[in-house]
Each structure stands twice: as structure tokens, then as C-alpha cells.
Amino acid sequence: QVQLVESGGGLVQPGGSLRLSCVTSGNIFAILHMGWYRQVPGKQRELVAIITSGDSTNYSDSVKGRFTISRDNAKNTVYLQMNSLQPEDTAVYYCNQRTIMRDYWGQGTQVTVSS
């Protein structure tokens, strides 16, 4: 059974930083990429960043230059370093694992950017 567990969310002031972590476990085949998505109430879930099995990365325009996705294969963990956070970054952030068969999701972690 595949499990994704996020942590690291919280309340931060504008301009601050947070690092999200996603620990994965379970029997995993043919992973295409790992990613972070976010969602606010009443809106669709949107892509934030992905990292492929070959370590290529891709970011949404809204976070490019501020957020960095990385991973530690030895720890089965994917990270999202978020710098220069702004109120519009407030959302529930979800870890995603895309395989050739299906998507897996974590339970989400709340990030709130407010003064």
C-alpha cells in the first residue's frame, strides 16, 4: 500500500520561508514523477512543482524563482523549499506521486501566509 505523508506546513509572515516534506512508502513501480500541488477552497487543485525520475524539475510561473523541489532517495522523501512567501501562496499543499498506473496523494498540509 502506497502512502504519502506531508509535514512542514504552518503559519508564516509574508516574506518568510517554509520547507514541506513528503515521506513515501509502499510498493512502488514505474514512478513518472513526484510533485507538489496546492488547493484553496472553491478552486481547482493546481500544480506547484514536479521532479522527474531523472531529476528534471518544472514549476508553475507563480512560484518560479521562489520555490525549489528536491528529493532524497535514501530517505524516500521529497521536499518543497518555499521562500519569499506571499499571502496568495496560502493553500493546502498536497504531495503527489504519478505512476504509469495511477496518481497517489497525501492528506495535505496547510500553509498560511499572513501578518
- prompt: When residues of the range 58-69 are filtered for being open to solvent by 50 Å² or more (accessible area, probe 1.4 Å) and either in contact (Cβ under 8 Å) with a residue 40 or more places away in the chain or not β-branched (Val, Ile, Thr) (or both), how many remain?
  reply: 5
field: Residues located in the range 94-115, provided they are buried (at least 17 other Cβ atoms within 10 Å of the Cβ) and not hydrophobic (A, V, I, L, M, F, W, C)
entry: Tyr94, Asn96, Gln97, Tyr104, Gly106, Gly108, Thr109
statement: Filtering the range 72-93 down to residues that are open to solvent by 40 Å² or more (accessible area, probe 1.4 Å), under 25 Å from Ala30 (Cα atoms) and either part of a strand (DSSP E or B) or at pLDDT 95 or above (or both) yields Asp72
- request: Among what's in the range 45-57 and is modelled with pLDDT of 95 or more and more than 20 Å from Gly9 (Cβ to Cβ), pick the residue that is surrounded by the most Cβ atoms within 10 Å (Cβ to Cβ).
  value: Thr57
field: Answer residue from the range 3-44, given it is over 12 Å from the mean Cα position of the chain (by Cα), assigned to a strand (DSSP E or B) and among the β-branched types (Val, Ile, Thr) and is surrounded by the most Cβ atoms within 10 Å (Cβ to Cβ) among those
entry: Thr24
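The values are calculated or read from the model by the stated rules, or taken from the named source; none is laboratory data. The structure presented is a predicted model; accordingly, all values stated were derived computationally and were not measured. Every residue, glycine as well, gets a Cβ built from its backbone with ideal geometry; the counts of neighbours run over all protein chains shown. These accessible areas exclude ligands, DNA and RNA; they are computed on the full protein's heavy atoms, side chains included. Shrake-Rupley method; radii C 1.70, N 1.55, O 1.52, S 1.80 Å.
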